[in-house]
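Please read the structure below before turning to the comments.
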Amino acid sequence: MRRWLSSSKLVAGKLFLQRIALSAKAVSIYYQQYPVAKVDIRVGFHDGRGVNSGRAFGSSTPHISISVGRASTDVDFAEDWVSTHEMVHLAFPSVAEEHHWIEEGLATYVEPIARARIGELSAKKVWGDMVDGMPKGLPEPGDRGLDFTHTWGRTYWGGALFCLLADVEFRKRTGNQKGLEDAVRGILKAGGSIESEWTLPRALEIADRAAGVSVLEELYEKMKAAPFAPDLGNLWQQLGVERRGADTVFNDFAPLAAIRKAITEPVDHPN
């Protein structure tokens with residue numbers, strides 16, 4: 001029994017190294033650099049299959065802690081989103097606890113897009129999941145703004161919704177020349193990785209300056225204290241995204257179809 005566990009750990013470990021390399025590639029393409037010079041990745045094994053938990057830390061040397069099923073196969077690792085999600089955390093400074101939504105929301109939003117940029121996920125998969133997931137971030141009765149409502153839905157999907165709205169608005173104001181990635185790359189270039197502690201206003205100001213338009217600061221003022229519920233049905237229609245059962249259908253004649261394509265379109269990159 002002990003020999004079987006050792007062998008399965010070895011197989012899972014080798015497959016997980018491939019998963020880590022692919023996640024690092026996705027994040028590096030999105031940010032045009034890997035977020036930190038060095039990161040320790042600590043793997044714990046559990047019974048079963050799949051990657052089912054992870055956390056990123058910035059104190060001392062940045063490190064990521066991930067739990068991997070010792071019976072995991074290449075199929076399980078192909079479905080893994082955790083490793084990419086945690087690596088996105090490396091690319092944003094630590095902010096005050098009431099702003100935890102931006103840390104988790106950014107990782108929730110960027111993870112599938114970064115994977116789509118390297119061709120790992122299809123655009124239909126990414127947009128279909130957004131249509132399914134974004135309503136979880138809408139304010140419930142009695143909720144306040146993102147800084148004051150710390151439920152799971154508002155933290156992860158409310159933060160992701162903030163990022164989606166910002167991404168679309170950046171592109172609308174710049175003729176689809178700049179997006180959220182240009183803004184957050186500016187934060188990273190200014191030293192705003194997980195190794196640093198910043199105020200959120202500082203991060204948003206630097207990000208807007210990098211993109212050349214004041215989108216994040218304006219959206220934050222709208223969403224930080226008061227509940228804000230955008231018309232998601234209209235947004236999907238404008239972007240040309242429609243869910244038909246389990247399928248996702250695109251309308252390339254929609255007003256913002258070019259923006260939708262730019263967000264998830266694979267990019268050329270060296271092997």
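Values quoted throughout were computed directly from the atomic coordinates according to the rules given, and no laboratory measurement underlies them. Predicted model, so just to flag it, every value in this text is computed and none were measured. Cβ placement follows ideal geometry from the backbone for every residue including glycine, while neighbour counts extend to all protein chains displayed.
Please find the FRET efficiency linking residue 52 to residue 124, where r is the Cβ-Cβ separation and R0 is fixed at 22 Å, and quote it to the nearest 0.05.
Computed FRET efficiency for residue 52 and residue 124: 0.30.
Which Cα, out of 250, 141, 16, lies furthest along the positive dipole direction of the chain (beta carbon charges, K/R +1, D/E -1)?
Of the listed residues, the answer is 16.
Of 109, 99, 266, which is farthest along the charge dipole of the chain in the positive direction, counting Lys and Arg as +1 and Asp and Glu as -1 at C-beta?
266
Scan around residue 73 for amide H atoms under 5 Å from its own, H built in the peptide plane at 1.01 Å from N, and keep only partners 5 or more places away or cross-chain.
Residues meeting the amide H criterion: 50.
Determine the gain in length on full extension of the stretch residue 268-residue 75; use 0.36 nm per residue of separation and subtract their C-alpha separation, reporting nm with one decimal.
Length gained, residue 268 through residue 75: 66.9 nm.
Order by neighbour count: 97, 120, fewest other Cβ atoms within 10 Å first, most last.
The order, fewest Cβ neighbours first, is 97, 120.
Out of the trypsin sites (Lys or Arg not before Pro) in segment 94-163, which ones are loop residues according to DSSP with at most 14 other C-beta atoms within 10 Å? Numbers along the way, then the final one.
Values: sites: 115, 117, 124, 125, 136, 144, 154; in loops: 144.
Sparse-neighbourhood loop trypsin sites (Lys or Arg not before Pro): 144.
Report the far tail of the P(r) of segment 144-239, meaning the percent of Cα-Cα pairs longer than 19 Å.
The answer is 44 percent, as a whole percent.
Going by average Cβ density within 10 Å per residue, which order do the peptides 179-185, 44-50 take, highest to lowest? Could the numbers behind the result be given before it?
Values: 179-185: 22.1, 44-50: 13.9.
In decreasing order of mean packing, 179-185, 44-50 become 179-185, 44-50.
Arrange 28, 59, 196 by Cβ neighbour counts within 10 Å, fewest through most, would you?
Ordered from fewest to most neighbouring Cβ atoms within 10 Å, 28, 59, 196 come out as 59, 196, 28.
Over 10 Å intervals from 0, what percent of Cα-Cα pairs in segment 2-89 sits in each interval?
P(r) over segment 2-89, rounded to whole percents: 17, 50, 26, 6, 0.
Is there a quick way to get the dipole size of segment 2-89? I mean about its Cα centre, with the Cβ of Lys and Arg at +1 and of Asp and Glu at -1; what is the value in debye to the nearest 20?
360 debye
In Å and on Cα atoms, what radius of gyration and Dmax does the chain show?
Expressed in Å, the Cα Rg and Dmax of the chain come to 18.7, 61.
Return the distance in nm (one decimal) between the two label points of a simple spin-label model at residue 261 and residue 40, each offset 7 Å from Cα along Cα→Cβ.
With each label point 7 Å from Cα toward Cβ, the separation is 4.7 nm.
Please give me, ordered by residue number, the chymotrypsin sites (Phe, Trp or Tyr not before Pro) of segment 130-163 that lie in loop per DSSP and have at most 13 other Cβ atoms within 10 Å.
Answer by residue number: 148.
Nothing charged except the Cβ atoms of Lys and Arg (+1) and of Asp and Glu (-1): what's the magnitude of the dipole of the chain about its Cα centre? Round to the nearest 20 debye.
840 debye
Starting from the Cα of residue 174, step 7 Å toward the Cβ, then list every residue of segment 239-271 with an amide N under 19 Å from that point.
Counting only backbone N, you get 256-268.
Between 139, 35, 255, where does the largest GNM mean-square fluctuation fall for the chain, given springs only between Cα atoms within less than 10 Å?
With Cα springs under 10 Å in the chain, the top fluctuation among 139, 35, 255 is at 255.
By the gyration tensor of its Cα atoms, with a ≥ b ≥ c the square roots of the eigenvalues, what is the shape of segment 61-197: rounded for a/c under 1.5, prolate for a/b over b/c, or oblate?
It comes out rounded by the Cα gyration axes.
Would you order 151, 108 from fewest to most other beta-carbon atoms within 10 Å of each residue's own beta-carbon?
Taking fewest neighbouring Cβ atoms as first place, the list is 151, 108.
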